[in-house]
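Below is one structure, written out as structure tokens, with a few remarks after it.
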Amino acid sequence: MAAQVQVIPAANRRYWRTEWLDSRQSFPVTGNFVLEDYAHGLLLVHNEDIVDPGEGFDTHQHRDTEILTWVLEGTVVHQDSAGNSGLIRPGLAQRMSAGTGILHSERNGAGWTERERLHVVQMWIPPDTLGAPPSYQELDVDGALRRNSLVPVASGMPRYRGDAAIGIGNRHATFHVARLDPGHSITVPDAPYGHVFIARGGVDYENHGALGQGDAVRLTATGGHRVTATTPAEVLIWEMDAAASR
């Protein structure tokens, strides 16, 4: 596997717009029924969505998928057929393992008379084991993100056991987040596959220059690069030891 660093400008993402949803997709989702064909490593879906007040995704089904939801602005109201419910806000990590099948809905927690939009990133990876029971977990990691460091927010990797805030059902993947003040840096993990997403602000990516909101870097067989904030920034990183198989 040859080392590769591929910068993906924000404008190169797929764009899908409805009356209430503005969706920018790092990997094509709308109309794509074989997500593995476009995945990078284990990352099948990486959508950045803006949802209008009072709107959202009505009840729908998932199966055998690990779903991570990360809110940048506003709140998500989550309800599912296993009896889980939550109000997901910035700094609160949410993981839903669909397993044998689960119905859920996700809506902007602000009503129609309010003006608060929902800005959220949702990410999907496959599980290690098909047909497991559905499960759900959420945890506040806001305090840990105030240290200008890379925080393992969700992981199934044994090396992060005890460090990651929440677990995921894939032993080859870890989801990291860093909130950085200007001038502070983090180091991208060295892994067979990596995905770096600039969720807000601006950074300098070592040897590749300035990146801004919505830009991403896809890494293959490399890492160790420095990412330095040039403005207040939030960076989402997937570290992956395997690739999705069809």
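The values are calculated or read from the model by the stated rules, or taken from the named source; none is laboratory data. Not measured: the values here are computed from a predicted model. Virtual Cβ from ideal backbone geometry, glycine too; neighbours counted across all protein chains shown.
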Among SER135, SER155, which is the only one that is closer than 30 Å to GLU55 by Cβ and out of contact with any Leu (no Cβ under 9 Å at 6 or more places or on another chain)? SER135
Which of the residues spanning segment 106-123 are assigned to a strand (DSSP E or B) and either farther than 13 Å from VAL51 by Cβ or not polar (S, T, N, Q) (or both)? GLU106, ARG107, LEU118, HIS119, VAL120, VAL121, MET123
How many residues does segment 55-69 hold that are in contact (Cβ under 8 Å) with a residue 60 or more places away in the chain and in a loop (DSSP other than H, G, I, E, B)? 2
Considering LEU103, LEU87, which residue is closer than 26 Å to PRO53 by Cβ, in contact with a strand residue (DSSP E or B) (Cβ under 8 Å, 6 or more places away or on another chain) and surrounded by fewer than 14 Cβ atoms within 10 Å (Cβ to Cβ)? LEU87
When the residues of segment 152-188 are narrowed to those that are among the charged types (D, E, K, R) and touching a helix residue (DSSP H, G or I) at 6+ places or on another chain (Cβ under 9 Å), which ends up surrounded by the fewest Cβ atoms within 10 Å (Cβ to Cβ)? ARG171
Residue list for segment 53-83, restricted to those being among the polar types (S, T, N, Q) and over 28 Å from GLU234 (Cα atoms): THR59, GLN61, SER81
Just give me the residues in segment 160-206 being in a loop (DSSP other than H, G, I, E, B) and in contact (Cβ under 8 Å) with a residue 40 or more places away in the chain, in sequence order. ALA165, ILE168, GLY169, ASN170, ARG171, HIS172, ASP181, PRO182, GLY183, HIS184, VAL188, PRO189
Considering (1) in a strand (DSSP E or B); (2) out of contact with any Pro (no Cβ under 9 Å at 6 or more places or on another chain); (3) modelled with pLDDT of 95 or more, say which one PRO90 fails and leave the rest. (1)
Mind listing just one residue for me: the one in segment 1-33 that is in contact (Cβ under 8 Å) with a residue 60 or more places away in the chain and assigned to a strand (DSSP E or B) and, of those, farthest from TYR193 (Cα to Cα)? ARG24
Report every pair of residues separated by at least 6 positions or lying on different chains whose Cβ atoms are under 8 Å apart, first residue within segment 74-94 and without any contact (Cβ under 8 Å) to a residue 60 or more places away in the chain and hydroxyl-bearing (Ser, Thr, Tyr), second surrounded by 18 or more Cβ atoms within 10 Å (Cβ to Cβ) and part of a strand (DSSP E or B). THR75/ILE88; THR75/ASN108; THR75/LEU118; SER81/ILE102; SER81/HIS104; SER85/HIS78
